Amino acid sequence: MNYKNLLTTAGLTMAFALSASASAKESVTFMNNVPELVINKAWDDQIVRFEQANPDIEVRKLFVASEAFKQKVQTMLLSNDIPEIITSWGGQDYRDRAQKGLLTDLEEYLPTLTSEMPEAALNAYRVDGRLYGIPAYSKPTMLYYNKQLLEQAGVDPKQLETWDGFLAAIDQLHEAGITPMALAGVEGWPAHFYFSYLAMRIGGPDVFKNALDEGFEDPAFLEAANQLLALAEKKPWQRGYMSSNIDQAYALFGNGEAAMQLQGEWQYKLQQDSSRDGKGIGVENVGLARFPAVEGGSGQLTDIISGIDGYAFTRSATPTTAKFVDFWLNEQNLTQMAEQAMMLPVTPGAVSGIQEPVMRQMAQMVSESSYVHGFVDQVTGAHLGGAINDVSSELVAGSISAEQAVAALQEAWEFR
């Protein structure tokens, strides 16, 4: 017997076996646009715990920044190289993708989440009765303010509850030599919060829902455009705001160089990460206000714009994908996100984990809301939402009339 050949053969057999074992390891990839360090730290901990309990599964994170994320999702969903999980904001784009067969229904493999999450939140991610994704976090858009800077200018935070009081605050801040607000004008979505809120305050919370069916002939849109132009004329934003990106806007607020910023829930963390000292405006100095009410309008001060951030399951998703998601977004891990990453989970049992005072105040304000509207540029879909973002940018730049703005939206609606 040739033992040398036998050993060589045995070694090759073992090598092939080890190779086959390694290749049998399954992977789950989720693509996201979340830069917050504290969130990623908590995610990393959860992934490690999942992989320890499931050594045959590897979880990978794929980060794509801001607006590039939306473009990449569009192309990746039509390719053969698709992450199993992608960040989603629900809305019309999510619905369209589900109906076109680009997403996968995994509801039967999510026993934990479908029992822990409220039905209303789950329904935001159901399309024709099927669950092609899962909600995770509430993302309210608030008016953040620097308490110290408002006090220096003699601004009472209560006056921010009305549009006239808000405009007066802009004047007071200018008189005190303080930049009133931070804005990333180079990106359309931050500006669209102003136009969206104004339209809802004037025309009522269903104004965009009605526009999807009937177009933009409601006079609330013209008045909202006029009011946004009136705000722009007061020059409330920093010098060069139309060339500023979102990180620069966060830094301006976080460095104490602007008194206010209209932004989503994530702003509180990113103004810290983007600031010079990495700490930003401390908890004792951050104030929260709702977008002002407009006198004579049909909307209420307590109507808010808030996304329900979650995750969509692409056509590459499998039961293994669901196994990770059912663990990743369970009540225990969402409680961890509330405690450590200052998130606002949709699961009621996890909300109790919020310890940070500013986030607790935000959660309370959400619970007191009379109406919750999704992000308008997401609810209306990529085409119409893109037009709303573009028009909002032109309005804050003062480069378009109110009549031209409404005409552009109507044209986008007719050709959607």
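The values are calculated or read from the model by the stated rules, or taken from the named source; none is laboratory data. Model, not experiment: these values are computed from the prediction. When we count neighbours, we look across all protein chains shown, and the Cβ atoms used for this are built from the backbone with ideal geometry, even at glycine. The protein model used for the area step is the full one, side chains on, heavy atoms only, and it has no ligands, DNA or RNA in it. Shrake-Rupley method; radii C 1.70, N 1.55, O 1.52, S 1.80 Å.
The base-10 log of I(q)/I(0) for the stretch 283-416, evaluated at q = 0.18 Å⁻¹, reads -1.14 [Debye formula, identical scatterers on Cα atoms, solvent excluded]. Count Lys and Arg as plus one, Asp and Glu as minus one, and take only other residues whose Cβ is under 13 Å from that of ASP247; the net charge is then -2. Surface composition of the chain: carbon and sulfur make up 51 percent of the accessible area, probe 1.4 Å. Scaling the Cα radius of gyration of the stretch 137-251 by the globular reference 2.2 N^0.38 Å produces a ratio of 1.14.
For the stretch 26-99, what is the Kirkwood hydrodynamic radius in Å, using each pair of distinct C-alpha atoms?
On the way: mean 1/r = 0.0732 Å⁻¹.
Evaluated over the stretch 26-99, this radius sits at 13.7 Å.
Scanning the chain for GluC sites (Glu not before Pro) in DSSP loops with at most 16 other Cβ atoms within 10 Å, what's the longest stretch left with none? Result for the longest clean stretch: 1-216. Among the trypsin sites (Lys or Arg not before Pro) found in the stretch 243-297, those both in a DSSP coil and sparsely packed, with 13 or fewer other Cβ atoms within 10 Å of their Cβ, are ARG276, LYS279. Across the chain, counting alpha-carbon atoms alone, Rg and Dmax equal 24.0, 99 Å. What the Cα convex hull of the stretch 152-202 gives, in volume per residue, is 78 Å³.
Hey, could you grab the Kirkwood Rh for the stretch 62-193? Inverse mean 1/r over distinct alpha carbon pairs, Å, one decimal. Working shown, then result.
Numbers: mean 1/r = 0.0537 Å⁻¹.
Final number for the Kirkwood radius of the stretch 62-193 is 18.6 Å.
With Cα atoms as the point set, the stretch 185-257 shows a radius of gyration and Dmax of 14.5, 44 Å. Protein-only accessible surface at a 1.4 angstrom probe places the residues ARG239, ARG95 in the order ARG239, ARG95, largest first. As a ratio to 2.2 N^0.38 Å, the alpha-carbon radius of gyration computed for the stretch 88-154 takes the value 1.68.
Helix 66-76 versus the longest principal axis of the chain: what is the Cα-based angle in degrees, 0 to 90, to the nearest 10? The angle comes out at about 50 degrees. Within the stretch 263-348, the percentage of alpha carbon pairs spaced more than 17 angstrom apart rounds to 67%. In this entry, the stretch 265-314 is assigned a mean projected area of 6.4 nm², taken as a quarter of its C-alpha convex hull surface. Mean residue ellipticity at 222 nm, helices only, the chain: -15000 deg cm²/dmol; runs of at least 4 DSSP H residues each add -39,500 (n - 2.57), and the sum is divided by the number of residues.
In the stretch 174-328, the convex hull through the Cα atoms has an average projected area of 13.2 nm², a quarter of its surface area.
Taking the Cα atoms of the stretch 339-416, the ratio Rg/Rh between the radius of gyration and the Kirkwood radius comes to 1.18. Between the alpha-carbon centres of the stretch 20-87 and the stretch 221-252 there is a gap of 35 Å.
Using the Cβ-Cβ distance between LYS100 and ASN245 with R0 = 30 Å, the FRET efficiency computed as 1/(1 + (r/R0)^6) comes to roughly 0.40. The DSSP beta bridges internal to the chain are antiparallel in roughly 60% of cases.
Counting only heavy atoms of the protein chains and using a 1.4 Å probe, SER27 has close to 40 Å² of accessible surface.
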